[in-house]
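Remarks on the structure that follows.
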Amino acid sequence: MLMLFIRYIRFVLINLFWLSASLSFAQCDFYANITVSASGFNAGFNQQYVLVSNNTGSIGRIQSINTTGEFIAVTAGSYFVYCVNYQGAQPAALNVGNLWDGVTTYASSNCFAVSAAYLNRAITICNIDQNVCLTNNIQVNTSGHTTSAGFSQTFILVNNTNTVLAANTTGSFTPTQYVSSGIFSIYAVNTNNTNVTNTFLVGNSFNNIRSACTSNCASLLGPRIISVNACTPLPVELVYFNGQKQGSSDLLEWSTQSEVNNDYFDIEASTNGLNFSRIGRVKGSGNSSQIKKYQFLNQNPLALTTYYRLRQVDYQGNYKYSKIISLSRKQEKTDILIYPNPAQHDFSINILSEFEFDNASIEITDLLGKRIDFRLVTLKQGSNQFTFNTSVYPSATYLVKVYSQKTIYAPIKLVIAK
């Protein structure tokens with residue numbers, strides 16, 4: 001049953017706009033925000049979406065986890081997105097900062113299903129280079145796009161269907177040329193070949209320009225990604241946005257002075273203040289000229305320090321963000337002891353925990369971050385001892401990293417000297 005279950009988890013793209021062929025040139029799958037959905041999972045089981053980094057310095061690390069499939073304001077780069085389905089408590093391996101390999105290792109021997117990566121590959125997140133209001137001109141900075149000797153430089157405006165909307169030598173485009181809101185790309189082409197310049201016609205496919213440019217251009221630069229928006233003002237006057245700790249939960253409170261067409265507030269959380277995901281939604285008051293107060297209780301803070309912001313959305317789907325606030329908890333008193341250290345044969349890791357029950361993982365890596373050993377464990381209150389054999393460890397210095405659901409442990413160096 002489990003194998004069939006794993007086999008049929010499938011991703012469904014919610015926003016079909018991003019399937020545009022033009023993305024093959026921009027090499028962008030999403031711009032800042034990711035929205036995906038999966039089907040084929042077991043009803044009644046826990047379902048979560050996992051964002052895993054494919055970027056240097058954090059390859060294979062879990063960046064964000066949520067139940068919605070929405071990852072907001074993701075830093076530009078390369079990522080994998082997976083869907084997991086499991087029964088019971090969330091395993092220790094499935095936590096932000098852990099390696100994704102630990103999740104797949106856990107899944108191989110437990111009632112835990114993992115989908116293939118979304119699109120069966122790493123996806124690319126691009127930054128928006130410029131935001132423009134619908135009534136304003138688009139103007140790209142031409143610095144760095146130096147024309148080669150004897151060549152002329154032309155800027156090409158392309159829409160999301162890969163169609164040329166305009167071409168000029170100034171890098172400035174008017175609302176009559178881009179017409180509507182949306183995502184646009186601008187390329188800079190350096191060429192002196194008429195076979196190329198003849199493809200700069202409005203309505204032509206950018207595929208033809210790229211094909212003609214293969215051996216007839218000094219350079220083809222870009223794209224610069226431009227987001228054109230209606231820039232409709234959002235008349236919701238926020239008086240304050242505060243938070244306070246309530247036991248193991250975080251209570252968020254905010255108030256508005258007045259509201260016009262206010263549909264709802266999304267509450268978003270982050271472990272680093274950069275990558276946010278939605279954790280809840282509170283209905284707005286629509287239209288109001290009186291002070292309105294709101295609350296949201298987060299019973300599962302993401303980390304010792306959790307960052308929060310509000311995303312206020314009106315009835316037309318326009319939105320804006322509040323300021324970012326953070327709530328921190330004092331790190332629990334914990335201790336890790338490795339003995340003997342240096343070790344020649346077996347060594348033991350002793351972890352002192354103040355919690356009666358805490359899922360955790362022990363990861364041992366070399367100093368470059370390559371995993372040497374990995375183990376999922378359950379911590380009880382008090383002393384917890386785990387023994388490792390050094391037969392697979394060459395003589396070297398290693399880092400022992402312990403990740404748990406309730407505590408952050410500092411890495412400890414381990415020396416193997418055979």
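The values are calculated or read from the model by the stated rules, or taken from the named source; none is laboratory data. Remember, it's a predicted structure, so these values are computed and weren't measured experimentally. Note that each Cβ is placed from the backbone with ideal geometry, even for glycine, and that neighbours are counted across all protein chains shown.
Looking only at residues in region 60-86 that are β-branched (Val, Ile, Thr) and in contact with a Leu (Cβ under 9 Å, 6 or more places away or on another chain), the one that is surrounded by the fewest Cβ atoms within 10 Å (Cβ to Cβ) is Thr75. The set of residues in region 69-126 that are among the hydroxyl-bearing types (Ser, Thr, Tyr) and without any contact (Cβ under 8 Å) to a residue 12 or more places away in the chain comprises Thr104, Ser108, Ser109.
Quick one: is Asp266 out of contact with any Gly (no Cβ under 7 Å at 6 or more places or on another chain) and acidic (Asp, Glu)?
Working: out of contact with any Gly (no Cβ under 7 Å at 6 or more places or on another chain): yes; acidic (Asp, Glu): yes.
Taking the combined requirement at face value, the residue satisfies it.
With respect to (1) out of contact with any helix residue (DSSP H, G or I) (no Cβ under 6 Å at 6 or more places or on another chain); (2) part of a loop (DSSP other than H, G, I, E, B); (3) more than 20 Å from Ala269 (Cα to Cα), the lone exception for Val74 is condition (3).
Only residues that are under 25 Å from Ser78 (Cα atoms) and exposed (fewer than 15 other Cβ atoms within 10 Å of the Cβ) were counted in region 273-311, giving 2. Going residue by residue through region 222-245, is there one that turns out to be of a type in the set (S, T, N, Q), free of Cβ contacts under 8 Å to residues at least 12 places away in the same chain and surrounded by fewer than 16 Cβ atoms within 10 Å (Cβ to Cβ)? No: zero hits. Of the set (1) touching a strand residue (DSSP E or B) at 6+ places or on another chain (Cβ under 8 Å); (2) without any contact (Cβ under 8 Å) to a residue 24 or more places away in the chain; (3) surrounded by fewer than 19 Cβ atoms within 10 Å (Cβ to Cβ), all apply to Asn216 but (2).
Table: residues versus (1) among the acidic types (Asp, Glu); (2) touching a Leu at 6+ places or on another chain (Cβ under 8 Å); (3) farther than 30 Å from Tyr409 by Cα.
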site	(1), (2), (3)
Asp266	yes, yes, yes
Gly280	no, no, no
Lys293	no, no, yes
Leu302	no, no, no
Thr305	no, yes, no
Tyr308	no, yes, no
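Residues in region 77-98 that are within 20 Å of the chain's Cα centre (by Cα), assigned to a loop (DSSP other than H, G, I, E, B) and at positive phi: Gly97 alone.
Considering every residue within region 262-272, establish whether at least one is in a strand (DSSP E or B), of a type in the set (Asp, Glu), without any contact (Cβ under 8 Å) to a residue 60 or more places away in the chain and under 25 Å from Thr35 (Cβ atoms).
Applying the first criterion (in a strand (DSSP E or B)) to region 262-272 yields 262-270.
Next, from what is left, pick out any that are of a type in the set (Asp, Glu): 263, 266, 268.
Next, only the ones that are without any contact (Cβ under 8 Å) to a residue 60 or more places away in the chain stay: 263, 266.
The next check asks that each one be under 25 Å from Thr35 (Cβ atoms); those that pass are 263, 266.
Yes: region 262-272 contains one or more residues that are in a strand (DSSP E or B), of a type in the set (Asp, Glu), without any contact (Cβ under 8 Å) to a residue 60 or more places away in the chain and under 25 Å from Thr35 (Cβ atoms).
The number of residues in region 112-146 being touching a strand residue (DSSP E or B) at 6+ places or on another chain (Cβ under 7 Å) and over 24 Å from Pro223 (Cα atoms) comes to 6. For the condition surrounded by fewer than 21 Cβ atoms within 10 Å (Cβ to Cβ), more than 30 Å from Phe155 (Cα to Cα) and at pLDDT below 80, Phe41 qualifies.
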